[in-house]
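The values are calculated or read from the model by the stated rules, or taken from the named source; none is laboratory data. Since the structure is predicted, the reported quantities are computational estimates derived from the model, not experimental observations. Glycine gets a Cβ as well: all are built from the backbone with ideal geometry, and neighbour counts include every protein chain shown.
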Amino acid sequence: MYTLYYSKGACSVATQVVLRELGQEVTIIDVQQLSNFKTINPVGAVPVLVDGDKTLTEGAAIMLHILNKHNSALFPDTENDRQQAIQDIMFANASMHPAYSKLFFLAEHINDEKVKQETLNSAAKTINQLWQIVENQLSNNKFLGGSAPSAADIMLTVYSRWGAYFPVDIIIGEKTIMMLNAVQAMPSFIKTDQAEQAMSSTE
Ligand SMILES: N[C@@H](CCC(=O)N[C@@H](CS)C(=O)NCC(=O)O)C(=O)O
């Protein structure tokens, strides 16, 4: 049994979806309801995963921890495929996620509306370049790692939903849209959204 500290709709959605795909039970705690979250993760960011006596932070490290611990099709065991899966997780976590994080930062910290829109547009341009890389990688495969969803597909799907919060044009290719739709139709993804929804209606 795991405990996951989450924030609704945040990157922690991907952690929860993957735990469910791995058949693991998870208790979720909404950090918006906590006043002392920084004592749990001094960075103040989700996801945080408690596994027995270990408290893990950093989304990519958590992802690799659970994928290594529980065998599944999400994380292939042949050397080349596994290397690709790790690279895709890192691309999602360290390239795409920070590109979207800039939108949140600019929207919050820039007051001049014209400057805000210009910088949001620049940030969106970077995001679109990254989605083009994803589209290219999907030219021969339904998912990043092949015919079945990988952890990186799930992570990218979570981030893809953030664009709607901002007045920018996020351009996502056709094959990528098919991948994102397929991931959002996974029972584990639907269950995760429902679990977060259920928590917020009781808060
Ligand atoms: N480097 C961290 C960053 C995670 C991150 O940015 N999480 C966001 C939600 S998607 C968050 O909790 N932001 C709140 C904050 O940083 O105060 C990781 O990869 O886990």
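Per-residue answers, yes or no, for (1) surrounded by 13 or more Cβ atoms within 10 Å (Cβ to Cβ); (2) modelled with pLDDT under 95; (3) within 21 Å of residue 3 (Cα to Cα); (4) out of contact with any Lys or Arg (no Cβ under 7 Å at 6 or more places or on another chain):
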{"site": "37", "(1), (2), (3), (4)": "yes, no, yes, yes"}
{"site": "45", "(1), (2), (3), (4)": "yes, no, yes, yes"}
{"site": "48", "(1), (2), (3), (4)": "yes, no, yes, yes"}
{"site": "62", "(1), (2), (3), (4)": "yes, no, yes, yes"}
{"site": "65", "(1), (2), (3), (4)": "yes, no, yes, yes"}
{"site": "68", "(1), (2), (3), (4)": "no, no, yes, yes"}
{"site": "72", "(1), (2), (3), (4)": "yes, no, yes, yes"}
{"site": "77", "(1), (2), (3), (4)": "no, yes, no, yes"}
{"site": "86", "(1), (2), (3), (4)": "yes, no, no, yes"}
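Looking only at residues in the stretch 73-97 that are without any contact (Cβ under 8 Å) to a residue 24 or more places away in the chain and within 15 Å of residue 148 (Cβ to Cβ), the one that is farthest from the ligand (Cβ to nearest atom) is 78.
Screening residue 57 with (1) touching a helix residue (DSSP H, G or I) at 6+ places or on another chain (Cβ under 9 Å); (2) polar (S, T, N, Q); (3) closer than 23 Å to residue 137 by Cβ gives one miss only, at (3).
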